[in-house]
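Chemist: Take a look at the following structure, please.
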Amino acid sequence: MTRFITRDYSPAIAAHLQTEGFPEPLARVLAARGIESAYDLKADWRAMLPPETLMGTCAAAQHLADAIEARKRIMIIADYDCDGATACAVALKGLRSMGACVDYLVPDRFVYGYGLTPAIVDLAAEKKAELILTVDNGMASIDGVLEAKKLGIDVIITDHHLPADTLPAAACIVNPNTPGCNFPSKNLAGVGVMFYVLMALRAEFRKRGRFDAKTQPRLDSLVDLVALGTVADVVKLDRNNRILVQQGLCKVRSGHTQPGLKALFEIAGRPSAQARVRDFGFVIAPRINAAGRLDLMTAGIECLMSETNEEAQHYAKILDDYNRQRRELEINMQWDAAMILNQIDVTKRHTLALFEPSWHQGIVGLVASRIKESKHRPTIAFANAGDNELKGSGRSIEGVHLRDMLDLVTKTSPGIIKKFGGHAMAAGLTIEANRFEEFADVFEKVVANSCDEDVFERHVLIDGELQPRDITPSLVEAINSQIWGQGFLPPLFANEFKVLHQTVLKGGHLKLTLDLQGYRFNGIFFRRSAEVGSVARLAYRPEINEWMGQRSIQLVIEQVEG
């Protein structure tokens with residue numbers, strides 16, 4: 001059952017926003033998201049939270065400055081997703097601009113697993129690392145930090161994931177979610193945390209007289225990468241993150257972007273001059289993530305690090321090929337998942353745990369995400385990892401904190417999970433292959449006993465109705481001029497339509513002709529082949545569809561009520 005719920009907003013604030021030039025529908029959308037004036041939407045660097053307010057940045061800056069001045073070899077340990085790749089590229093470019101001797105390692109997810117493991121520390125030691133800097137990982141690396149200390153290597157952790165009860169004994173930890181950190185924006189992505197460390201390091205070098213305001217490196221040149229990683233990791237776009245994303249988009253649109261990003265836009269056939277947040281999330285990030293899902297993230301990092309167009313195009317082609325392979329694998333795995341789900345009455349379950357022996361470790365998270373979206377149940381998909389182990393990747397729904405649920409599973413049935421980590425909406429875990437059914441049963445019971453039943457009814461927040469006369473290109477352009485994303489979701493409107501015609505297109509998308517109070521609109525319902533009723537209340541986003549040089553309004557349907 002899907003139910004639409006209209007967001008609350010202040011009519012007085014919406015009226016004020018209208019006086020500032022926002023169209024009425026957009027004014028109420030912004031008021032519902034806590035915006036009180038046009039000033040709240042300004043992407044001004046001066047409105048950024050200062051780096052010294054993020055606990056640990058100053059200490060990390062001092063450690064890094066000492067290491068750079070002593071010409072110590074710094075080794076970055078990165079994660080194998082887009083946030084990790086951008087964080088690594090930002091760290092490399094930023095540190096080298098300040099004179100650092102720095103290199104990087106990314107764990108092979110199929111060999112070493114996630115984070116700073118003892119084996120990765122040993123590999124860094126073989127490469128003569130004298131200081132290890134983690135980006136987008138490290139909060140769970142207790143054993144890895146201990147191994148580094150044994151070898152006489154200091155560790156600086158930069159991360160944003162939720163910490164466990166025990167913190168690694170690192171020389172320094174920078175994470176807005178560290179206990180005791182009062183930094184107002186808890187939503188920085190891993191790349192955002194690293195960007196803050198670089199700002200603090202530059203300030204430290206100014207204190208030491210190495211730079212002044214004229215000679216210091218321009219860190220704003222890296223903000224396109226910061227924006228990409230922030231959007232890709234689906235962190236909440238609070239005001240601080242919106243500033244980073246807006247500034248990054250401006251870099252891309254102006255053409256003053258990294259050669260790697262430019263090449264990725266080109267190979268995807270997207271004009272960078274018209275770049276949008278959705279391009280970062282649905283066009284660029286999947287190509288970078290595909291490298292980490294199928295092989296090593298090296299190609300992704302090297303693409304972002306490219307200094308010439310030729311080099312960037314070389315790596316962009318590699319990433320595009322990876323992405324094609326990823327799509328083919330995902331289609332086959334989604335088909336397998338559909339066959340499994342045909343045997344399950346989802347309405348009688350609170351969770352879904354699926355396993356198929358042929359599934360690819362790097363793609364199970366995408367499978368879980370699709371199923372979670374379609375079935376509105378916390379979903380974990382597992383793949384065979386060898387050595388009698390299964391590795392699972394999970395995605396959750398609002399109201400079910402996935403990491404906490406996995407923690408409860410370990411307390412309910414000790415030993416059933418060998419290791420796990422993650423946050424509210426996504427997590428990864430390893431179990432013994434012969435305990436899959438047992439895990440699925442315990443996971444179901446834990447979630448069923450911990451969560452209210454109404455959590456499992458799909459509630460869709462909408463921004464009210466639109467009048468036909470309001471559905472215009474100027475409204476779409478006004479909407480598209482803002483920065484939307486996780487925690488600051490784009491407008492979603494709902495109306496009751498007469499459905500005049502509907503047909504399923506190749507690829508399984510439903511194309512509709514809709515009537516609203518005598519006005520006709522074209523609609524598209526992606527990834528849906530089941531027809532809707534002749535009269536249906538639909539939640540939708542108005543967009544501009546360009547075809548053969550013609551521009552027209554198209555309603556992108558997100559949900560049908562009922």
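No value in this document is a laboratory result; all are computed from the given coordinates. Remember, predicted model here, so these are calculated numbers, not experimental data. Cβ: placed from backbone, ideal geometry, glycine included. Neighbour counts: every protein chain shown.
Chemist: Starting from the exponent 0.38 and prefactor 2.2 Å, build the expected Rg for the stretch 14-85 from its residue count and divide its actual Cα Rg by it.
Modeler: So the stretch 14-85 has a normalised radius of gyration of 1.88.
Chemist: Once amide H atoms are placed 1.01 Å from N in the peptide plane, what residues at a sequence separation of 5 or more from residue 492, or on another chain, have their amide H within under 5 Å of its amide H?
Modeler: Sorted by chain and number, the residues that satisfy this are 463.
Chemist: Rg/Rh for the stretch 124-195: what does it come to with C-alpha atoms and Rh from Kirkwood?
Modeler: The Rg/Rh ratio comes out at 0.99.
Chemist: On to the next question. To the nearest 10 degrees, how steep is helix 82-97 against the longest Cα principal axis of the chain, on a 0 to 90 scale?
Modeler: Taking Cα atoms only, the helix is inclined about 40 degrees.
Chemist: From the helices alone, meaning DSSP H stretches of at least four residues, give me the mean residue ellipticity at 222 nm for the chain, per-run term -39500 (n - 2.57), in deg cm²/dmol to the nearest 500.
Modeler: Per the formula, -12000 deg cm²/dmol.
Chemist: How large is ³J(HN,Hα) for each residue in the stretch 288-295, as worked out from phi by the Karplus curve 6.51 cos²θ - 1.76 cosθ + 1.60 (θ = phi - 60°), to whole Hz, x for Gly and Pro?
Modeler: In residue order, the calculated couplings are 6, 4, 4, 4, x, 6, 9, 8 Hz.
Chemist: By count of other Cβ within 10 Å, fewest leading, how are 297, 305 ordered?
Modeler: Arranged by neighbour count, lowest to highest, 297, 305 become 305, 297.
Chemist: Determine one quarter of the surface area of the Cα convex hull of the stretch 47-320, which equals its mean projected area, and express it in nm² to one decimal.
Modeler: With the hull built on Cα positions only, its mean projection is 13.4 nm².
Chemist: Another question, then. With the Cα gyration tensor of the stretch 86-178 giving a ≥ b ≥ c as the square roots of its eigenvalues, does the rule (a/c under 1.5 for rounded; else a/b larger than b/c for prolate; else oblate) give rounded, prolate or oblate?
Modeler: rounded
Chemist: Here's a follow-up. Under 23 Å from the Cα of residue 411, which lysines turn up, not counting those fewer than eight places away in the same chain?
Modeler: Reachable lysines: 391, 419, 445.
Chemist: Please report the relative contact order for the stretch 47-320, taking Cα pairs under 8 Å with a sequence separation of at least 6, and give it as a percent rounded to a whole number.
Modeler: 21
Chemist: I need the phi-derived Karplus couplings for the stretch 328-335: 6.51 cos²θ - 1.76 cosθ + 1.60, θ = phi - 60°, integer Hz, Gly and Pro marked x.
Modeler: Residue by residue, the stretch 328-335 yields 4, 4, 5, 4, 5, 5, 5, 5 Hz.
Chemist: Right, next: Loop only by DSSP, 10 or fewer other Cβ within 10 Å of the Cβ. Give me the chymotrypsin sites (Phe, Trp or Tyr not before Pro) in the stretch 327-361 that pass, ordered by residue number.
Modeler: In loop regions of the stretch 327-361 (DSSP not H, G, I, E or B), there are no sparsely surrounded chymotrypsin sites (Phe, Trp or Tyr not before Pro).
Chemist: Right, another one. Taking Cα centroids, how far is the stretch 315-336 from the stretch 104-120 in Å?
Modeler: The stretch 315-336 and the stretch 104-120 have Cα centres separated by 23 Å.
Chemist: Run the reach check for residue 127 against lysines, Cα to Cα strictly under 24 Å, same-chain hits fewer than 8 apart removed. What comes back?
Modeler: Of all the lysines, those that pass the test against residue 127 - Cα under 24 Å, at least 8 places apart if same chain - are 72, 93, 149, 150.
Chemist: Can you list the HN-Hα couplings for the stretch 349-364, worked out from phi with the Karplus curve (6.51, -1.76, 1.60; θ = phi - 60°), rounded to whole Hz and with x for Gly and Pro?
Modeler: Along the stretch 349-364, the couplings run 10, 9, 9, 9, 10, 10, 8, 9, x, 8, 5, 8, 4, x, 10, 4 Hz.
Chemist: So which of 375/511; 372/418; 348/498; 186/348 end up more than 31 Å apart by C-alpha?
Modeler: From the list (375/511; 372/418; 348/498; 186/348), the Cα-Cα distance tops 31 Å for 348/498; 186/348.
Chemist: If amide hydrogens are placed 1.01 Å from N in the peptide plane, which non-local residues have theirs closer than 5 Å to the one on residue 355?
Modeler: It is 382, by chain and number.
Chemist: How do 206, 326, 435 line up, fewest other C-beta atoms within 10 Å first?
Modeler: 206, 435, 326
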